[in-house]
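*Asks:* Pasting a structure here, questions to come.
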Amino acid sequence: MTRPRLATVWLGGCSGCHMSLLDTDEWLFELAAAADLVYSPIVDVKEFPHDVDVCLVEGAVANEDNLEFARLVRERSAIVVSFGDCAVSGNVTAMRNPLGDPEGILRRVYVDAPDRDAQVPHAPGIVPLLLAQVRPLHQVIDVDAFVPGCPAPAGRIREAIEALLAGRRPPTTGESIRFG
Amino acid sequence: MAAPIDLHEVAEREREEQFRTPLRVHVCHSTSCATAGSGAVLQAARDLAEGDLASSVAVSPTGCMGLCSAGPLLRVVERGGGQHDYHHVTGAAAERIVRHHADRGAAVPEHRLDTALPFFARQHRVVLANAGEIDPDRIESYVAHGGYAALERALTSMTPEDVLDQVRRSRLRGRGGAGYPTANKWALLAAAPGPVKYVVANGDEGDPGAYMDRTIMEDDPHRVLEGIALAAYATGARHAYIYVRAEYPRAVERLDRAIKVARRNRLLGRRILDTDVDLDIEIRIGAGAFVCGEETALLASIEGRRGTPRLRPPYPTERGLFGAPTMINNVETLANIAPIVANGGDWFASIGTPGSTGTKVFALAGDLVNTGLIEVPMGTTLRDIVEDIGGGMTEGHTFKAAQTGGPSGGCIPARYLDTPVDYDSLRALGSIMGSGGLIVMDDRTRMPDVARFFMEFSKDESCGACAPCRAGTVQMHHLLTTISSGRGRRRDLRDLEHLCAVVRDTSLCGLGQTAPNPVLSTLQYFRDEYEALIAPAEGGHG
Amino acid sequence: MSDTALEAGASASGSRHTVDPGRPEHPSGDDRFALVDTHLRRVHDAQDQLIETLHVAQDVFGFLSDDVLLYVARALRLPPSMVYGVATFYHLFTFEPPGEHTCTVCTGTACFVKGADDIVADVATAHGVHVGDTSADGRLTLRTARCLGSCGLAPVVVLDGVVHGHQSPSGALALLDGELGGVR
Amino acid sequence: MAERVPTVPITIDGVEMEATAGETVLQCARRHGVDIPSLCFLEGLSPVGGCRLCVVEVAEDLRLRPACATTVTSDMEVTTQSSRLRSYRRSILELLFAEGNHVCAVCVSNGACELQDVAVRCGMDHVRYELQAPRRRVDASHPRYVFDPNRCILCTRCVRVCDEIEGAHVWDVAHRGHGAELVTDLHRPWGESTSCTWCGKCVASCPTGALSHQGSSVGEMRHTPDMIAWLVAARRREWTEREARR
């Protein structure tokens, strides 16, 4: 019997949800025994593989790289999970949205604010362009399940992954879906 | 206190005056014709009547003759009863036409309007009977056409119950849109306890593309006052308000003048016509808010507050204006009352269909040959209205949909053209009668765009007091914009339909509850247009 | 021909009434407040006359400044937030002085069906003005109206109170050029 | 001995119960431990039925009715939970979340927020609708309180409590529809208000993080909406009169 292929992805977020995943502590051994972690920021794999069974996506879609990557993830994964508030709702990452045009924000941060070396970073192909608006994952690709939280608490993550590996949906009611 | 008006004498004198000259010239001076230049026409005709044709021609400005798209309109009435109508008249043309009639006793072929046209022949005028006939600024003119006779009769020989009974027999339903039986409302107010109660005339015609009530208020203001007076008598109210949109300053002016004149003639005020009935009418002006057409919002606005609807019950007939029992009737509804009392409820009920009696005034607009204000018996088919009265679609185009009920209504496709226009048939088709806006659209119209147009309206006119309407219309508008632009996904269509249900079923007032109708009806009849706009799935995302 | 409410911004210079000696003079010394006072006296400072009073004040001053709103609030003994809430609820009240010229495009259904949106877009672009705003040079205020009831003449444009029927984008622009002396 | 209050029999979700004549469906349901979500309703203030979360089905009534403003009638049959009601409530919550900037993670009310709690109870695990991302100015000009309109859901509890209980009417709703917003006085900074009595009842009543105490940090704000009902009872002298009757 083949073991389920699990992946986790980090888009526009703080990686706090990945830290929280690590907070599942000794359960990680059980996870390692139950599934293959085929791609993750904590795994040294360069390219997102094919035929992923379950992929947890942390972070909102904030720039062109995020967008492209989200689409790739969707294409290669059977089940995509919005992992944490940024993926689910945009959250802190999306707090720039009310400020409008990203150009203005970049100028404020890199030109107006610093005391020296003021310049907007510009390196095509290296520094990805910001999208006009930060978007939650499900507004860009189809998402199969949602695990909110900022960060999603360790217990909630464990509960969700256990359900998914057993072919069930993560809980959609009760405290498991509390934002924040 | 001055003596009350002697209606009989005034009518006699006015009729004599009408026969003074062999020719009378009526110039339509309603808003549409005025915009098109009827001022110059009126002036040219008056110059003649005050000049060398003084003995043969009398001129009078009148209300709407109906065919607004062909204005300015002019009518020559001969002493013998013959009538000749002219369209697209200019000052110079008016002079030519009137002179020709006066000199040769014959009509002029240019500008001639054939009144045998179905546009005129298929109409049945009850509410608009006086429009185009009388000078709205002269009470004598109204009285000569039978005005205030119903009020006099009611006050002198009928009990309030008798009046109510005639309205009951007429089976008149509210013309504001929902079609609630008028007599039921009256009965509720009549039964309400306490000495203070109010009648309110709703002249807040906010439906974009509708100007029936405006025309009635501008062109026959006394008819509205008489209707209010009869309603007040039947229900025991001694104070009434007319709430008029601020966008209609001319209606305000005319009504204001009419109230003053009626008061002077003891048709309003203390001891009307020397009976012990008192009634005063006050005008209140809106300030631009569609939602104020909703009864409770309208009352809030009269009280000088934000026009936000409130929860019902209590209904206005229990607790309305300033906390007192209040009945709100649409202006067109009230304009039907004097004819009902004068001719009897049974007469009225014989017009139209059993479920929807009487006539309905429509503002016919859109891609038709003839557009303007029409009045037809209830139950006239859409096809008759579009093809006969409207003269069909403009050259080279075909009928696609008729929109009734404005932002609260729906779009009716060609296959239902033979539907009789009445409250229940329209509702069965997912539209509503509405206040009378009837917009006909041809094959060039994209229906999702029409839905988006109305949703934008509802979004901007939502008062914001309840969450589903305030935020739901914004999201529906966003989804319609996305879909219209070809960027929509299947999921957007699903979300849109779900939101329609949420907003329809959970909104606080009628504005929100009906705001999804234009979307629902276009989805029902023109779904293929939405489907065709859905972008092909991208990256497995549909 | 000007039968619409659109010209309501009208004459502050109309018939001046004498200042009521019974009322304290407005601290600003602006005797236009006397016109508002005349209305207030006629309606006996009744609180339900708030909307009518705001109409009068707007007719007199052209727009409703904070100063005017506060004056009305005090006169009618109403909380300022309530007066502000009522004034901002209704479309016809404005809180900025209008431009030299006002162009209103009717966007009622009949006008929409006949292309009013294109007129709005073209005027906005050509004169660099958003709907509801006044151009930077203060020359043109662009507004839209929810049906002026002249559907037989659709689409309708009102320029400085004068109604023009059967308009097109190019026609409307030409009309504006004539009135404003061309786009600079 | 308590006075005898007339009761009427009603059925809520299939369970027969005694309702006190004159009370609302919401009051009756809550007394009997039936959970109907609501946000704009606050015991002690007049109901406005604006949030529409408490809508219920009433037998033989085609329209949904707001439980907060529907008075019980004899033999009324009320359904508070159905798949339709659940889906509507969830959608309304999503609409509320989409129209403001409700970022729980950085909110003063995180963990003690009625909006957040109701979202959990109604099963809102994500928001389907377009985030409006409004840019509204936070008013921190008041020495004691802060108003963040981005977190306001326009429930108008503050408007009502200030008008009905405090009698100051500092707050009102300005503009309309999606542009509607709360204002103090003539939309001047709250700190400059000449009508505010600093009583803090608006802050106590707020169901979200829109109104908070100066200096509150993330998750620190605790609102006390229940005090309003106590205050109303006190103003009616319910306690003292009961004392006197003894």
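The values are calculated or read from the model by the stated rules, or taken from the named source; none is laboratory data. It should be emphasised that the depicted structure is a prediction, and the values quoted were computed from it without experimental measurement. FYI the Cβ positions are ideal-geometry reconstructions off the backbone, even for glycines, and counts take in every protein chain you see.
*Asks:* Only one of these is in a helix (DSSP H, G or I), at pLDDT below 95 and out of contact with any Leu (no Cβ under 7 Å at 6 or more places or on another chain): B:Arg254, B:Arg250. Name it. Lay out the reasoning, then the answer.
*Replies:* Numbers: B:Arg254 fails: at pLDDT below 95.
Within the list B:Arg254, B:Arg250, the selection yields B:Arg250.
*Asks:* Additional query: Working only within the stretch B:334-364, note down all residues that are out of contact with any Leu (no Cβ under 7 Å at 6 or more places or on another chain) and of a type in the set (Gly, Ala, Ser).
*Replies:* Passing the criteria: B:Ala335, B:Ala342, B:Gly344, B:Gly345, B:Ala349, B:Ser350, B:Gly352, B:Gly355, B:Ser356.
*Asks:* Being surrounded by 24 or more Cβ atoms within 10 Å (Cβ to Cβ), closer than 22 Å to B:Phe322 by Cα and assigned by TED's automatic domain parsing to the domain that holds B:Met327 narrows it down to one of B:Ala232, B:Ala258, so name that one. If you could, list the steps in order and put the result at the bottom.
*Replies:* Working: B:Ala258 fails: closer than 22 Å to B:Phe322 by Cα.
B:Ala232 is the lone residue from the list that is surrounded by 24 or more Cβ atoms within 10 Å (Cβ to Cβ), closer than 22 Å to B:Phe322 by Cα and assigned by TED's automatic domain parsing to the domain that holds B:Met327.
*Asks:* When only residues in the stretch D:116-142 that are more than 25 Å from B:Met476 (Cβ to Cβ) and more than 9 Å from chain A (Cβ to nearest Cβ) count, which is farthest from the chain's Cα centre (by Cα)? I'd like the intermediate steps shown before the answer.
*Replies:* From the stretch D:116-142, those more than 25 Å from B:Met476 (Cβ to Cβ) are D:116-117, D:120-121, D:137-142; that's our starting set.
If we keep only those that are more than 9 Å from chain A (Cβ to nearest Cβ) as well, we get D:137-142.
Values: D:Arg137: 23, D:Val138: 21, D:Asp139: 22, D:Ala140: 23, D:Ser141: 25, D:His142: 23 Å.
Of everything passing the filter in the stretch D:116-142, D:Ser141 is farthest from the chain's Cα centre (by Cα).
*Asks:* Right, another one. Consider B:Ala93 against the criteria (1) among the small types (Gly, Ala, Ser); (2) closer than 30 Å to B:Arg122 by Cβ; (3) part of a loop (DSSP other than H, G, I, E, B); (4) more than 14 Å from chain C (Cβ to nearest Cβ): it satisfies all of them except one. Which criterion is unmet?
*Replies:* (3)
*Asks:* Continuing with this model, one more query. Could you list all residues from the stretch D:35-63 that are under 22 Å from D:Ile10 (Cα atoms), within 17 Å of the chain's Cα centre (by Cα) and away from chain B (no Cβ under 13 Å)?
*Replies:* D:Asp35, D:Ile36, D:Glu43
*Asks:* Follow-up question, since we're still on this one. Note down all Cβ pairs under 6 Å where the first residue falls in the stretch A:12-32 and is touching a residue at least 40 places away in the same chain (Cβ under 8 Å) and closer than 29 Å to A:Leu130 by Cβ, the second is small (Gly, Ala, Ser) and surrounded by 15 or more Cβ atoms within 10 Å (Cβ to Cβ), and they're at least six residues apart or on different chains.
*Replies:* A:Gly12/A:Gly59; A:Gly12/A:Ala60; A:Gly12/A:Ala62; A:Gly13/A:Gly59; A:Cys17/A:Gly84; A:Cys17/A:Ala152; A:Ser20/A:Ala152; A:Ser20/A:Ala154
*Asks:* Let me ask you something else. Which condition number in (1) over 21 Å from the mean Cα position of the chain (by Cα); (2) within 14 Å of chain C (Cβ to nearest Cβ); (3) within 28 Å of B:Gln166 (Cα to Cα) is the one that B:Ile283 fails?
*Replies:* The one condition B:Ile283 does not meet is (1).
*Asks:* Can you tell me which residue among B:Ile242, B:Ile302, B:Ile259 is without any contact (Cβ under 8 Å) to a residue 40 or more places away in the chain, within 25 Å of B:Met212 (Cα to Cα) and of a type in the set (A, V, I, L, M, F, W, C)? Working first, answer last.
*Replies:* Values: B:Ile242 fails: without any contact (Cβ under 8 Å) to a residue 40 or more places away in the chain; B:Ile302 fails: without any contact (Cβ under 8 Å) to a residue 40 or more places away in the chain.
Selected residue: B:Ile259, the only one of B:Ile242, B:Ile302, B:Ile259 that is without any contact (Cβ under 8 Å) to a residue 40 or more places away in the chain, within 25 Å of B:Met212 (Cα to Cα) and of a type in the set (A, V, I, L, M, F, W, C).
*Asks:* Further question: Within the stretch A:143-162, can one find any residue that is at the interface with another protein chain (Cβ under 9 Å from one of its Cβ atoms) and surrounded by fewer than 17 Cβ atoms within 10 Å (Cβ to Cβ)?
*Replies:* No - not one qualifying residue is present in the stretch A:143-162.
*Asks:* Just checking, how many residues over the stretch B:451-509 are closer than 30 Å to B:Ser301 by Cβ, among the aliphatic types (A, V, I, L, M), in contact (Cβ under 8 Å) with a residue 40 or more places away in the chain and outside any loop (DSSP other than H, G, I, E, B)?
*Replies:* Result for the stretch B:451-509: 3.
*Asks:* Any chance the stretch B:17-24 includes a residue that's closer than 27 Å to B:Lys260 by Cα and surrounded by 17 or more Cβ atoms within 10 Å (Cβ to Cβ)? Outline the logic, then answer.
*Replies:* So the first thing to find is which residues in the stretch B:17-24 are closer than 27 Å to B:Lys260 by Cα, and the list is B:17-18.
Subset that is surrounded by 17 or more Cβ atoms within 10 Å (Cβ to Cβ): none.
Looking for residues that are closer than 27 Å to B:Lys260 by Cα and surrounded by 17 or more Cβ atoms within 10 Å (Cβ to Cβ), one finds none in the stretch B:17-24, hence no.
*Asks:* So how many residues does the stretch A:99-120 have that are in a loop (DSSP other than H, G, I, E, B) and free of Cβ contacts under 8 Å to residues at least 12 places away in the same chain?
*Replies:* We begin by selecting, within the stretch A:99-120, every residue in a loop (DSSP other than H, G, I, E, B); these are A:100-101, A:113-120.
Then keep just the ones that are free of Cβ contacts under 8 Å to residues at least 12 places away in the same chain; that gives A:100, A:113-119.
Qualifying residue count, the stretch A:99-120: 8.
*Asks:* To continue, here is another question. Just for the stretch B:109-128: of the residues that are assigned to a loop (DSSP other than H, G, I, E, B) and of a type in the set (Lys, Arg), which one is farthest from the chain's Cα centre (by Cα)?
*Replies:* Looking at the filtered set, the residue picked out is B:Arg122.
*Asks:* Ok, one more. Looking at the stretch B:421-450, which of the residues that are in a loop (DSSP other than H, G, I, E, B) and under 14 Å from B:Asp367 (Cβ atoms) is nearest to the chain's Cα centre (by Cα)?
*Replies:* Initial filter on the stretch B:421-450 (in a loop (DSSP other than H, G, I, E, B)): B:421-422, B:429-436, B:443-446.
From what's left, under 14 Å from B:Asp367 (Cβ atoms): B:443-446.
On the way: B:Asp443: 28, B:Arg444: 28, B:Thr445: 26, B:Arg446: 27 Å.
Top of the filtered list is B:Thr445.
*Asks:* Another question, if that's okay. Among the numbered criteria (1) within 14 Å of another protein chain (Cβ to nearest Cβ); (2) touching a residue at least 12 places away in the same chain (Cβ under 8 Å); (3) part of a loop (DSSP other than H, G, I, E, B); (4) of a type outside the set (S, T, N, Q), which single criterion is violated by B:Gly379?
*Replies:* All conditions are met except number (1).
*Asks:* Further question: Wholly within the stretch B:1-77, which helices (runs of 4 or more DSSP H) include no fewer than the required count, namely at least 1 residues that are outside the structural domain of B:Val108 (by TED's automatic domain parsing) and touching a residue at least 40 places away in the same chain (Cβ under 8 Å)?
*Replies:* Counting at least 1 such residues, we get B:7-18.
*Asks:* Could you name every one of the helices (runs of 4 or more DSSP H) located completely within the stretch C:68-184 that has at least 3 residues being polar (S, T, N, Q) and within 14 Å of chain B (Cβ to nearest Cβ)?
*Replies:* In the stretch C:68-184, there are no helices (runs of 4 or more DSSP H) which contain 3 or more residues that are polar (S, T, N, Q) and within 14 Å of chain B (Cβ to nearest Cβ).
*Asks:* Could you check, for the stretch B:211-225, whether at least one of its residues is surrounded by fewer than 24 Cβ atoms within 10 Å (Cβ to Cβ), part of a loop (DSSP other than H, G, I, E, B), on the phi < 0 side of the Ramachandran plot and away from chain C (no Cβ under 11 Å)?
*Replies:* No, the stretch B:211-225 contains no residue that is surrounded by fewer than 24 Cβ atoms within 10 Å (Cβ to Cβ), part of a loop (DSSP other than H, G, I, E, B), on the phi < 0 side of the Ramachandran plot and away from chain C (no Cβ under 11 Å).
*Asks:* Out of curiosity, is A:Phe146 under 30 Å from A:Leu31 (Cβ atoms), under 15 Å from the mean Cα position of the chain (by Cα) and at pLDDT 95 or above?
*Replies:* yes
*Asks:* Could you grab me the full set of residues in the stretch B:427-459 that are among the β-branched types (Val, Ile, Thr), under 13 Å from B:Ala210 (Cβ atoms) and within 11 Å of chain C (Cβ to nearest Cβ)?
*Replies:* B:Ile439
*Asks:* Scanning for something more than 17 Å from the chain's Cα centre (by Cα), over 25 Å from D:Trp171 (Cβ atoms) and of a type outside the set (Phe, Trp, Tyr), does the stretch C:129-140 turn up at least one residue?
*Replies:* Checking the stretch C:129-140: at least one residue is more than 17 Å from the chain's Cα centre (by Cα), over 25 Å from D:Trp171 (Cβ atoms) and of a type outside the set (Phe, Trp, Tyr).
*Asks:* What are the residues in the stretch D:90-115 that are of a type outside the set (A, V, I, L, M, F, W, C), facing another protein chain (nearest Cβ under 7 Å) and without any contact (Cβ under 8 Å) to a residue 60 or more places away in the chain, if any?
*Replies:* Correct list: D:Ser91, D:Asn101.
Residue by residue, here is whether (1) among the small types (Gly, Ala, Ser); (2) crowded, with 24+ Cβ neighbours inside 10 Å; (3) assigned to a helix (DSSP H, G or I) holds:
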residue: B:Val277; (1), (2), (3): no, no, no
residue: B:Asp280; (1), (2), (3): no, no, no
residue: B:Ile283; (1), (2), (3): no, no, no
residue: B:Cys292; (1), (2), (3): no, yes, yes
residue: B:Ala300; (1), (2), (3): yes, no, yes
residue: B:Arg305; (1), (2), (3): no, no, no
residue: B:Thr308; (1), (2), (3): no, yes, no
residue: B:Pro313; (1), (2), (3): no, no, no
residue: B:Arg319; (1), (2), (3): no, no, no
